[in-house]
Structures are given as C-alpha cells and as structure tokens.
Amino acid sequence: MAGNKPNEQFISLNIAVVTVSDTRTDDTDTSGQYLQQALTDAGHHCHSKQICKDDVYRLRALVAALIADDTVNAILVTGGTGFTRRDNTLVSLTPLLDSSIDGFGELFRHLSYKEIGTSTIQSRAFAGLSNSTAVFCMPGSTGACKTAWTGIIAEQLDSRHRPCNFVDRLLLKGSID
C-alpha cells in the first residue's frame, strides 16, 4: 500500500479497547464488550480491554503506554467525552496526539444527530494519531459506540476500504520514517 490507498487484502490490526468509567465493571461494560466483539468480528485482534477511572493522569498514563507499545495499531476509547466534571477524556488525551482527525468528531456528530437529535451537541467525540497509532474517542453509551464503529471506524481500519483508510499510517509503527 502506498500513501493511504487501499490494499487488495485485509490486514488485521492490533486494537486496544479502553473504557473510561468510575462505575463500570467487566460485567457491566457493555460498550467495551461491544467494541471488543465488533473489532474481532471484523478480523482484527483485541490487544487488550481495560477499564480506567475517569482521572486525567491515570487515563493519560494508560493511553500513553498503549501508544508507546509497538504492537498496538489503534486504541478505541469509550466514555468521558461529555460535559460533566468527571468527563476528562478530551483533557487527558489531546496532549498525547501528534495530529488530530477532525473529521471523526464532525462525522460522528452528524451520524449521531440522525439518532438522538440535538443532544449530540454534548458529545466531544474526537480522534487523532500519535506514534503511528490511531486513537478514537467516543461517548460511553453502547449506541454511540455502535454508531462510531459501524459508521466510521470499521471502514477506516479496513485496509480494503476505498478510496482511502488509515491502515498504512498505522503499519509504520516501530519503523523509521
């Protein structure tokens, strides 16, 4: 694959799932469970699935470690993207990003508007690239995760998707540019 052009063959990626929550457990984390199942159903490998308290420094440390891990190609973060005092995902993770994927948040809110109307304005969904790792941050509801995965992320992490996708950028991890 050259540039961000599609590949004829599917390339499986290593994807980590992080749920940001002060209350969810492995049993009640339906959003993280959905993302884990969706990415494996798509042919990718789940590197890890973790729940992290909505704490700026704990979350930043966890995601920074995943970004630094040469085996992780993408990170799906669910939760902490709203406007309450405990929603710290945006503040925690934007300093870690080398570049933002502005279109992700814009497109997510567009798709979400069709489902929940103007309430989508309270979503601070965002994405970016760091160390050749894609980081997608979406709201904590399972419905929002489905919207993000099926409407955007699945295609962008599929090496066959046309006219372009992020896979070639993610495969640069660990190599010298």
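What follows is calculated from the coordinates using simple rules that are stated; it is not laboratory data. The structure displayed is predicted, hence computed values, not measured ones. Every residue, glycine among them, receives a Cβ derived from its backbone with ideal geometry; neighbour counts consider all protein chains shown.
Going through (1) without any contact (Cβ under 8 Å) to a residue 40 or more places away in the chain; (2) surrounded by fewer than 21 Cβ atoms within 10 Å (Cβ to Cβ); (3) not small (Gly, Ala, Ser) one by one, residue 30 falls short only on (1).
Taken over region 1-57, the criterion of being touching a Leu at 6+ places or on another chain (Cβ under 9 Å), part of a loop (DSSP other than H, G, I, E, B) and closer than 20 Å to residue 143 by Cβ is satisfied by 42 alone.
Here's the yes/no breakdown for (1) without any contact (Cβ under 8 Å) to a residue 24 or more places away in the chain; (2) buried (at least 21 other Cβ atoms within 10 Å of the Cβ); (3) more than 22 Å from residue 151 (Cβ to Cβ):
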| position | (1), (2), (3) |
| --- | --- |
| 43 | no, no, no |
| 73 | no, yes, no |
| 77 | no, yes, no |
| 97 | no, no, no |
| 103 | yes, no, no |
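Only residues that are over 12 Å from the mean Cα position of the chain (by Cα), buried (at least 16 other Cβ atoms within 10 Å of the Cβ) and more than 17 Å from residue 20 (Cα to Cα) were counted across region 117-129, and they come to 1.
Among the residues of region 154-166, is there at least one that is out of contact with any Ser or Thr (no Cβ under 8 Å at 6 or more places or on another chain) and without any contact (Cβ under 8 Å) to a residue 24 or more places away in the chain? Scanning region 154-166, I find at least one residue that is out of contact with any Ser or Thr (no Cβ under 8 Å at 6 or more places or on another chain) and without any contact (Cβ under 8 Å) to a residue 24 or more places away in the chain, so the answer is yes. Pairing residues of region 123-149 that are closer than 27 Å to residue 71 by Cβ with residues that are in a strand (DSSP E or B) and of a type in the set (Phe, Trp, Tyr), at Cβ distances under 8 Å and at least 6 apart in sequence or on separate chains, gives 127/136; 137/126; 148/136.
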